[in-house]
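The values are calculated or read from the model by the stated rules, or taken from the named source; none is laboratory data. This is a predicted model, so every value here is computed, not measured. All Cβ positions, even for glycine, are placed from backbone atoms using ideal geometry, and neighbour counts span all protein chains on display.
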Amino acid sequence: MKGSRILLESLKREGVEVMFGYPGGQVLPIFDSLYDSDIKFVLTRHEQGAAHAADGYARATGKAGVCLATSGPGATNLVTGIANAYMDSIPMVAITGQVKSFLIGNDAFQEADVTGITRPITKHNYLVKDIKDLARIIREAFYIASTGRPGPVLIDIPSDIQLMDAEFIWPQDVQIRSYNPNLFGHPGQIKKAAKLIAAAKKPIIYAGGGVITSGAHKELKMLAEKINAPLTWTLMGIGAFASTHELALGMLGMHGTAYANHAIMESDLIITVGARFDDRVTGRLDAFAPYAKIIHIDIDPSSISKNVNVHIPIVGDAKNILIELLKEIKKTPDTGDWLKTVEGWKKKYPLNYKDDGRLKPQFVIEQLYEATEGEAIITTEVGQNQMWAAQWYKYSAPRTFISSGGLGTMGFGLPAAIGAKVGCPERVVFDIAGDGSIQMNIQELMTCTANKINVKVAILNNGYLGMVRQWQELFYKKRYSQVGITSPDFVKLAESYGCLGILVTKKEEVRPALEKAINTDNTVLIDFRVEPEENVFPMVPAGQAINQFIGGLA
Amino acid sequence: MKHTISLLVENKFGVLARIAGLFSARGYNIASLAVSETLDPKVSYMTIVVEAKDEKILEQVKKQLNKLIDVITVTDFTKKEHVTRELILAKVNFSAKDRNKLENIFNKYVGKIVQHKGDVAIIEAVGDQEQIKALLEELDKFGVKELIRTGKLAISN
């Protein structure tokens, strides 16, 4: 069997139903084999779009996303998307063509050292040097990408290898002696954690993306309810716990709710599940949660005590560990007074914005929540739009909030929405965008039209790179340097891409526009002309303790 | 403080680059590095000496090393008993009348004159860090023209 066919046959064995990508000179054999394959292919308009779409597909479905590009510029255009998936631990397999093996290192046309470039941003990568290794490498790549702490794996395949013949032997299992993710937590550690929980007076649960990856949201809810502890989440943890639950405190950190930040700062026990104490969460490290003991459940040993010293680390899969922990907790703490205190903060510092009759971005998202009855999959770009989407939409299920957390990639939202919609065609998918971010991958509107992928884009258009403007306003004496950004006429642009464009300038137009978008069987782009200098509050300035807020009503 | 770390790794292309990348990304210089095949030709052994100003960062590097798919084991010898050796080759100024003096030195250290041509002798010596340091001080009297070293090898005991 030819190398290119071995590749596609192997992908089928891995259950791959769809790939996102772009053809080119060094992947011609693969595309020739694809001509006869029943794997669906989504041709994006830029390779970066393909990588983000594969990422969005993975986040929405839990399955590894696959993207495919040619050598050189095709592969380097994937790089941002691969780094994005790496930072957020998303299972992805990126396949790139490479120049013929005997030309590697000769500065051949469209050559780049792609395994070299992607080494620090992949969980692992491969350069296929021998056709006999191809099937095994693909098997290993999917295994590595989707087990343990997931991440992207890249396979670089020289075009001569794609054309070589070999017997197709699909390996029955994967044997990698040095890769054995620890799935079950240490029973002794779990016992210790249960004791600490029983003795706590002010416990709080801090949940991250690991809960979603592990599928541990049910167990998380059981834990919170069993020990009656308030629960806060990271950006990546959104959807792990219902926002409307009475124990829910919303997101914590730089743009977290004031009550979540006060609660974690005053707590005496933090039960961390699948989160990694990112600097956007902890704020000033030496001032973070001074009274708290910390239990840290994480599958990645290198996350333990990386930023914050942990008292009880439990390394393993969150779901497995929570199941055992729930069994082990016999005595539950009395948290009545603590919950009253937390309730006091909730009343005193509610999430709020000034509703002065003008079109506010927060209002748009509230309306979006109501119009979609909280059932949409929301993707975001990066910046103010992302934080408002995190604060004002009430998520209740995992895999419904898809956002570039670690890398903070502008231009992620639209292609990610495409991936999510391909993975979950029955769902309404909205990209909450800014006027800056959307222009970074706007070309993917054509991908939507061409492939009949019906996504909705809500642009919170304020004429600024809003988050940078906010920082310049607050910390650089309002010296607005290169943050005013102009845009094309988005309605006309949408139309020229074959989509429906709607302009919204007034509050009362918001809901009808959203209803229209939801009920239109086409990609719809809504240009919401929102208050230009609205800020995201609460806000903790970088380097401050997370109960030191500035501005806003919080 | 200098740390000696040993690794068992898959004997494949690209492995060294992955490992070196974890140090270079943090601006850490590798002071010495020795790599070779083990009894199992599919496995290589590396001894890495690295200067770490921040123990916490080094701890993180070790965890990251462990995460690399091609790394089988990581051992930090900082708090572990071990035996170390290094091999040096040096060109020293040499004249026939110095032969006794040089050979006296090699009575104290493991080393010998490998060859001499004209007024230069190539010597080899093996020892731990202290021994090599002391030997080099003695050789200084003759004038060392060129010195190369394998870097430290470390094995647990």
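Here are a few things to note about the model shown:
- Any chance A:Lys191 is basic (Lys, Arg), touching a residue at least 24 places away in the same chain (Cβ under 8 Å) and more than 14 Å from chain B (Cβ to nearest Cβ): yes
- Meets criteria (surrounded by fewer than 23 Cβ atoms within 10 Å (Cβ to Cβ) and away from chain B (no Cβ under 14 Å)) for A:Gln110: yes
- Of all residues in the range A:144-189 being in contact with a helix residue (DSSP H, G or I) (Cβ under 6 Å, 6 or more places away or on another chain) and among the small types (Gly, Ala, Ser), the one that is farthest from A:Asn84 (Cα to Cα): A:Ala166
- Residue under evaluation A:Leu414, criteria (1) assigned to a loop (DSSP other than H, G, I, E, B); (2) surrounded by 18 or more Cβ atoms within 10 Å (Cβ to Cβ), criterion not met: (1)
- Criterion: surrounded by 16 or more Cβ atoms within 10 Å (Cβ to Cβ) and more than 20 Å from the chain's Cα centre (by Cα) - qualifying residue of B:Ile105, B:Ile123: B:Ile105
- Looking only at residues of the range B:39-77 that are among the β-branched types (Val, Ile, Thr) and out of contact with any Leu (no Cβ under 9 Å at 6 or more places or on another chain), we find that the one that is farthest from B:Ser24 (Cα to Cα) is B:Ile69.
- Lone qualifier among A:Ala542, A:Ala513, A:Ala517 - being among the hydrophobic types (A, V, I, L, M, F, W, C) and surrounded by fewer than 15 Cβ atoms within 10 Å (Cβ to Cβ): A:Ala542
- Checked across the range A:527-538, the condition of being touching a strand residue (DSSP E or B) at 6+ places or on another chain (Cβ under 7 Å), farther than 30 Å from A:Asp286 by Cβ, among the hydrophobic types (A, V, I, L, M, F, W, C) and buried (at least 24 other Cβ atoms within 10 Å of the Cβ) holds for at least one residue.
- Of the helices (runs of 4 or more DSSP H) lying entirely inside the range A:438-513, not one is found with 1 or more residues being outside the structural domain of A:Gly383 (by TED's automatic domain parsing).
- Residue check, B:Leu7 surrounded by 17 or more Cβ atoms within 10 Å (Cβ to Cβ), part of a helix (DSSP H, G or I), within 12 Å of chain A (Cβ to nearest Cβ) and not β-branched (Val, Ile, Thr): no
- Among the residues examined, A:Ile176 qualifies as within 14 Å of chain B (Cβ to nearest Cβ), aliphatic (A, V, I, L, M) and in a loop (DSSP other than H, G, I, E, B).
- Residue in the range B:135-148 that is away from chain A (no Cβ under 14 Å), within 30 Å of B:Ala25 (Cα to Cα) and under 16 Å from the mean Cα position of the chain (by Cα) present: yes
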